[in-house]
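The values are calculated or read from the model by the stated rules, or taken from the named source; none is laboratory data. Everything numeric in this text was worked out from a predicted model, so none of it was measured. Every residue, glycine among them, receives a Cβ derived from its backbone with ideal geometry; neighbour counts consider all protein chains shown. When the accessible area is computed, the model is the full protein with side chains, heavy atoms only, and any ligands, DNA or RNA have been set aside. Shrake-Rupley method; radii C 1.70, N 1.55, O 1.52, S 1.80 Å.
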Amino acid sequence: RLNNMGHFSAMFNGLARSFSIRRGKSYGSRGGREAAEEMAKDAKKNELLLRSPGTVNVDGSNNFASVFSKRGNKGVNQDCCIVWEEYGCQEDMMFCGIFDGHGQWGHFVAKRVRESMPSSLLCNWQEALVEASLDPDLDLESDKRLSRFNIWKRSYVKTCAAVDKELEQLRKIDSFYSGTTALTVVRQGDLIYVANVGDSRAVLATTSDDGNVVPVQLTIDFKPNLPQEAERIVQCKGRVFCLEDEPGVHRVWLPHEESPGLAMSRAFGDHCVKGFGLISVPEVTQRTITNRDQFIVLASDGVWDVVSNQEAVQIVSSTKDRAKSAKRLVECAAAAWKRKRRGIALDDISAICLFFHSTSSHLSQQTLPVTTFK
């Protein structure tokens, strides 16, 4: 397993081997991206990859993922998700992503980013590992954790730029006035890397000293009114303001047009405002998972607009059947929309609940405080 290997070169060799011989199949003769896409197909066949509501629970793995998505009242569901266990044929790796599309072509853009991002990231990560192992000035052993983080961060930044450029050049999907957010997590052993573009949110549930489940927000909601985001947009001649009938909802506008009115400051696509402050650069962070950490919730803003971080982790931790946790969170959010946002069309709502420990773990045996949500 990767996380037990001492050297990055050994780590890379293991990865390269898995690209070429895995389950009796040769990936080595293909280019990196093709090999990665082939791996995704195989993973789907072997029930290691999920793109629809359901669960991913592989024998012997500590990961358990529950996925659910509900269409709102605005037409086609523009949210989509992916969970890929044994990501890149690495036993200790997993990839999760949630994509929230917007605009007329939003659902196509979201699906396209979901398709291309995992394989593109895998290739860039492999390349970054090779470069790192060949760099004579880099002492990878001195701070393994930092080196590993820098490699993932570089890979993510490169991937997001490439995926956005690819979108712009696609003839069959018009992403000029449509786009998607992307919130993704890679778990590698006891480390998680979170990359966020947009206003979906990742929240970790951990156990406090007194045994309660408490939330730790892992991402920033990239809204246009955040000071550093607004400053960038204004410097690029874009505009940020709320419409009269939507007080408090800040949107991004072109310099001389009342469009496109985006409610987030980072996204893939939306090429009409890419020169005016909207970016697709991810914020990448890492965290070491401890015995106290129980699960992570990735959800589109349809959840967070009406459910607090604390409510979300309590809803999930009080759901007896882990397999139903994402569905229960989404249903609770939908009910809260009807209560709190009367007259406003229900947004698409999606969630992934990724549990870190197998059910035999001591943590999941604890009785957690149960809160009922009316």
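Odds and ends about this structure:
- Sequence-distant residues sharing a close amide H with residue 251 (under 5 Å, placed H): 241, 242
- In sequence order, calculated HN-Hα J values of region 79-91 (Karplus, 6.51, -1.76, 1.60; Hz; x Gly/Pro): 8, 8, 9, 8, 10, 10, 7, 6, 4, x, 6, 9, 4
- Gyration tensor (alpha-carbon) shape descriptor, the chain, a/c threshold 1.5: oblate
- Heavy-atom surface of the chain, accessible at 1.4 Å and reported per residue (Å²): 44 Å²
- When the C-alpha to C-alpha distance is required to be over 18 Å, the pairs from 111/172; 111/338; 44/158; 70/274; 111/165; 70/338 that qualify are 111/338; 44/158; 70/274.
- List 176, 64, ordered by accessible area with a 1.4 Å probe, largest first: 176, 64
- Cα centre as origin, Lys/Arg/Asp/Glu Cβ charges: the chain dipole, Debye: 940 debye
- Karplus 3J(HN,Hα) series, Hz, for region 345-354 with 6.51 cos²θ - 1.76 cosθ + 1.60 (x for Gly, Pro): 4, 4, 7, 5, 10, 9, 8, 10, 10, 10
- Cβ crowding within 10 Å averaged over residues, with 314-326, 115-127 ranked highest first: 115-127, 314-326
- Rolling a 1.4 angstrom probe over the chain with all protein chains present gives an accessible area of which 50% lies on carbon and sulfur atoms.
- Rounded to whole Hz, the Karplus (6.51, -1.76, 1.60) HN-Hα couplings of region 161-173, x for glycine and proline: 5, 5, 4, 5, 5, 4, 4, 4, 8, 5, 7, 7, 10
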